[in-house]
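Worksheet: one structure, shown below.
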């Protein structure tokens with residue numbers, strides 16, 4: 001029996017260009033579906049959250065909405081080490097891969113008593129969600145024209161009042177895989193408030209929504225929680241040691257390169 005010629009193989013397997021076009025069309029269709037879902041779920045959840053009187057039901061609504069959104073968008077969620085989270089106030093420091101990190105963390109972290117997320121007020125896309133963020137007790141950073149110690153003092157006050165705060169200590173998102181150096185503000189706040197720092201790492205959210213891309217993808221996402229750390233004192237030396245210890249854990253759990261010792265590309269956005 002003679003082997004099929006190239007044209008026959010192309011007819012059987014499909015033209016590569018056509019297959020790429022079909023794959024692209026499928027990706028666009030999935031992206032459109034995901035954004036329609038996002039708009040619908042966020043609109044309904046925002047209305048319910050703003051109507052709720054207390055913070056506990058608001059956070060429960062947000063968690064259920066985040067889980068529903070991930071499930072409908074084909075994002076498979078998993079978490080490891082949640083039992084390591086302290087019951088009292090603490091700072092959870094997480095690597096920052098994508099704009100969907102907050103949604104994934106909301107879906108995976110406990111909602112009672114829940115966490116206050118740190119966000120930048122200056123970003124237009126986050127400014128649109130300010131009523132929702134405030135209703136969920138987000139810790140909004142006023143960075144432009146405000147001294148850094150002001151945010152640290154506000155964080156210390158929150159922690160002493162019993163809050164649990166999520167911080168992205170890299171301070172920005174990059175398309176280049178890897179972990180950036182950490183800013184020390186979150187660690188200074190934890191040391192001054194006398195609360196532990198818990199390192200954590202996300203894996204997979206960069207693939208869900210890469211930087212400068214609006215085409216969400218189906219993929220698996222994991223959150224891993226490390227071991228809680230405490231500063232020996234509020235001295236700068238102990239704060240920097242705490243920062244380094246936490247970063248080492250995050251780097252190991254993230255399974256990405258260390259950008260503190262590698263060239264860094266210029267493609268970056270603030271969180």
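The values are calculated or read from the model by the stated rules, or taken from the named source; none is laboratory data. None of these values were measured; they are calculated from a predicted model. A quick note on method: Cβ atoms are made from the backbone with ideal geometry, for glycine too, and the neighbour counts reach across all protein chains shown.
Might you let me know whether the range 253-262 holds any residue that is crowded, with 21+ Cβ neighbours inside 10 Å, in contact with a helix residue (DSSP H, G or I) (Cβ under 8 Å, 6 or more places away or on another chain) and at pLDDT 90 or above? Taking every residue of the range 253-262 in turn, none turns out to be crowded, with 21+ Cβ neighbours inside 10 Å, in contact with a helix residue (DSSP H, G or I) (Cβ under 8 Å, 6 or more places away or on another chain) and at pLDDT 90 or above.
Of the helices (runs of 4 or more DSSP H) lying entirely inside the range 104-199, those containing at least 1 residues that are in contact with a strand residue (DSSP E or B) (Cβ under 6 Å, 6 or more places away or on another chain) and modelled with pLDDT of 95 or more span 185-193.
Of everything listed in (1) surrounded by fewer than 20 Cβ atoms within 10 Å (Cβ to Cβ); (2) in contact with a helix residue (DSSP H, G or I) (Cβ under 7 Å, 6 or more places away or on another chain); (3) at pLDDT below 95, the single unmet condition for residue 74 is (2). Contact map, the range 124-136: residues that are within 15 Å of residue 45 (Cβ to Cβ) paired with residues that are outside any helix (DSSP H, G or I) and at pLDDT 65 or above, Cβ distance under 7 Å, separation 6+ or inter-chain. Pairs shown: 133/119; 133/140.
Among the conditions (1) closer than 19 Å to residue 115 by Cα; (2) at pLDDT below 95, the only one that residue 226 does not satisfy is (2). The residues on offer are 251, 229, and the sole one that is under 26 Å from residue 86 (Cβ atoms), touching a strand residue (DSSP E or B) at 6+ places or on another chain (Cβ under 6 Å) and free of Cβ contacts under 8 Å to residues at least 60 places away in the same chain is 229. When we screen 79, 39 for residues that are in a strand (DSSP E or B) and either touching a strand residue (DSSP E or B) at 6+ places or on another chain (Cβ under 9 Å) or at pLDDT below 95 (or both), the only hit is 79. Scanning the range 231-243 for residues that are surrounded by 13 or more Cβ atoms within 10 Å (Cβ to Cβ) and modelled with pLDDT of 95 or more yields a count of 6.
Residues in the range 82-101 that are part of a helix (DSSP H, G or I) and over 20 Å from residue 182 (Cβ atoms): 82, 83.
Only one of the listed residues (188, 201) is surrounded by 21 or more Cβ atoms within 10 Å (Cβ to Cβ) and closer than 14 Å to residue 239 by Cα. That residue is 188.
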